[in-house]
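For reference, the structure is listed below as structure tokens.
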Amino acid sequence: MALRVGVIGGGQLARMMIAPAVELGVELRVLAEEPGMAAALAATAVGDYHDVDTVLAFARDVDVITFDHEHVPQHVLTALEQDGAAVRPGSAALAVAQDKLVLRARMAELRVPQPEWAAVSDATELQRFIDEHGGRAVVKTPRGGYDGKGVRVVTAATEAADWFTALNEDARGGMLLVEELVQFRRELAQQVARRPSGETRVYPLAETVQRGGVCAEAIAPAPGATEQLVRAAADLGVLIAEALGVTGMLAVELFETGDGRILVNELAMRPHNSGHWSQDGAVTGQFEQHLRAVLDLPLGDTAATQPWAAMVNILGGPTEGSMDARIGPAMAGHPHAKIHTYGKAPRPGRKVGHVNVAGDDLDDVVYEARAAASVFLD
Ligand code: ADP
């Protein structure tokens, strides 16, 4: 019988596991939040991932459980583990990716370089941190943020007053995370795959560009990266994957400072937008690798197949008509581009697809990927 992987969450990351699953002969099942989601093609169940019974029933028909996002509550994860499910990554590792305060504390324990930070429970504490860090800081809600939601640059504690009010209204109480505003030279991402039996493989280091807190582009390998930087990022990725016991894909989002240091921003324990380039620019794409890793199968080669790969997100999509109407023109104008669409309704700023281009000239691949992605925008 085919190996069966169950994915909780029906978004584009689950969707992009479908093709490699078919190729590997792995049976992919998806527990989607609602009908008609990006991964609807493989959605064998629709239900609420907060509900223990729903998730347990889904897990009993598969060999391994993995995820499209990190929002499955800890009590559901531990219930799965107690029920004997192979949860990959497991609840202990996911706890670090689910809460930015837990992440900061754990990275500090591991002596991993990161921005200066503090946990603050009221405006006075926040203001003190801002004053001690040049009058500016980045405030983050520890849980539930994505794509820059829950991240705010502030110059005064009053600018986070609504978040403190929400904390006070929450019976569980809690704290906000505050970080120094890092004057980074650029952002980088290190992808690492790790399987339960311990094998790890690192991908080429990628450079990412965020606009308004949302990933817009990625280039691999990161242009101009020194051997020392590449090694430091790879070592850091493996250290984190091993120390936290991550299984599957791990993305380590990094800031590169002007003086060549790297600081950990955040972690994602699943295929990540910063690794999409690998679908068409590496021997083993991150979605195939994630399946191999969570199934504890031998990992594939992570080497780049071309000197350069560029990934450009399609953010928003056409305001008139459908994405489908643009595919023909995009293909006709850009035969070298690999177009990935997510089957999602276009909305301003929404990730509805991306384009990968790999080749031997950096400027060409970036230009081509941007041009092909722009065909889908107005
Ligand atoms: P999310 O969980 O929404 O992805 P992140 O914590 O990754 O949020 O922050 C989103 C973006 O905000 C980052 O990619 C970076 O561009 C910027 N950012 C976050 N933290 C800092 C910081 N301490 N200093 C400077 N910029 C930051």
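Note on the chain: GNM, Cα springs under 10 Å; of Glu33, Glu179, Glu227, the largest mean-square fluctuation is that of Glu227. Charges were assigned to the Cβ only: +1 to each Lys and Arg, -1 to each Asp and Glu. The resulting dipole of the chain about its Cα centre is roughly 140 debye. Rounded to the nearest 20, the Cβ-based charge dipole of the range 57-169 about its Cα centre (Lys and Arg +1, Asp and Glu -1) stands at 260 debye. Surface listing: Leu41, Leu56, Leu250, Leu377 arranged by accessible area from highest to lowest gives Leu41, Leu377, Leu56, Leu250, probe 1.4 Å.
With the charge dipole of the chain set up from +1 on Lys and Arg Cβ and -1 on Asp and Glu Cβ about the Cα centre, the Cα lying farthest toward the positive end among the listed residues Val246, Met107, His133 is that of Val246.
Candidate membrane-span-like segments in the chain, meaning DSSP H helices with Cα atoms spread over at least 20 Å of their own axis and a Kyte-Doolittle mean of 0.5 or above, are 227-244, with no membrane implied. With all protein chains in place and ligands, DNA and RNA left out, the 1.4 Å accessible area ranks His334, His276 as His334, His276, largest first. Within the full protein context, the accessible area of Ile327 is estimated at about 40 Å² for a probe radius of 1.4 Å. Of the peptides 16-28, 124-136, 63-75, the order by per-residue mean of other Cβ atoms within 10 Å, starting with the highest, comes out as 63-75, 16-28, 124-136. Each label was represented as a point 7 Å from its Cα along the Cα-to-Cβ direction; for Arg370 and Leu181 these points are 2.6 nm apart. Each of Phe376, Gly359, Ile262 was scored by the projection of its Cα onto the charge dipole of the range 243-378, and the greatest displacement toward the positive side belongs to Phe376; charges sit on the C-beta of Lys, Arg, Asp and Glu. If I take R0 = 41 Å and measure r between the Cβ atoms of Val52 and Val283 in this structure, what FRET efficiency does the formula 1/(1 + (r/R0)^6) give, to the nearest 0.05? E(calc), rounded to 0.05, equals 0.55. For the chain, the mean residue ellipticity at 222 nm estimated from helices alone is -9500 deg cm²/dmol, where every DSSP H run of n ≥ 4 contributes -39500 (n - 2.57) and the total is divided by all residues, rounded to the nearest 500. Between Gly317, Gly260, Gly353, the residue with the greatest mean-square fluctuation in the GNM of the chain (Cα pairs under 10 Å linked by springs) is Gly260.
Which one, Val294, Val283, Val139, has the greatest fluctuation when you compute a Gaussian network model over the chain with C-alpha springs under 10 angstrom? Maximum fluctuation in the GNM of the chain, among the listed residues, is at Val283. Here is the list for the range 180-262: trypsin sites (Lys or Arg not before Pro) lying in DSSP coil, each with at most 16 other C-beta atoms within 10 angstrom of its C-beta, are Arg261. Straightening the chain between His71 and Asp363 buys 101.4 nm, computed as 0.36 nm per residue apart minus the Cα-Cα spacing. Remark: the chain carries 42 Å² of accessible area per residue (probe radius 1.4 Å; ligands, DNA and RNA excluded). Working note: Karplus 6.51/-1.76/1.60 with θ = phi - 60° gives the range 27-35 the couplings 8, 9, 10, 10, 9, 8, 5, 8, x Hz, where Gly and Pro are set to x. Accessible area ranking (1.4 Å probe, heavy atoms, ligands and nucleic acids excluded), largest first, for Ser274, Ser197: Ser197, Ser274. Overall, the accessible surface of the chain at a probe of 1.4 angstrom is composed of carbon and sulfur to the extent of 50 percent. Estimated at 0.36 nm per residue, the fully extended path between Thr78 and Glu23 surpasses their Cα-Cα distance by 16.6 nm.
In this rough spin-label picture, where each label sits 7 Å from Cα along the Cβ direction, the Thr124-Asp259 distance is 3.4 nm.
The values are calculated or read from the model by the stated rules, or taken from the named source; none is laboratory data. The structure displayed is predicted, hence computed values, not measured ones. Don't worry about glycine lacking a Cβ; one is built from the backbone with ideal geometry, like all the others, and counts go over all protein chains shown. Side chains are part of the model used for accessible areas, which takes the heavy atoms of the whole protein and leaves out ligands, DNA and RNA. Shrake-Rupley method; radii C 1.70, N 1.55, O 1.52, S 1.80 Å.
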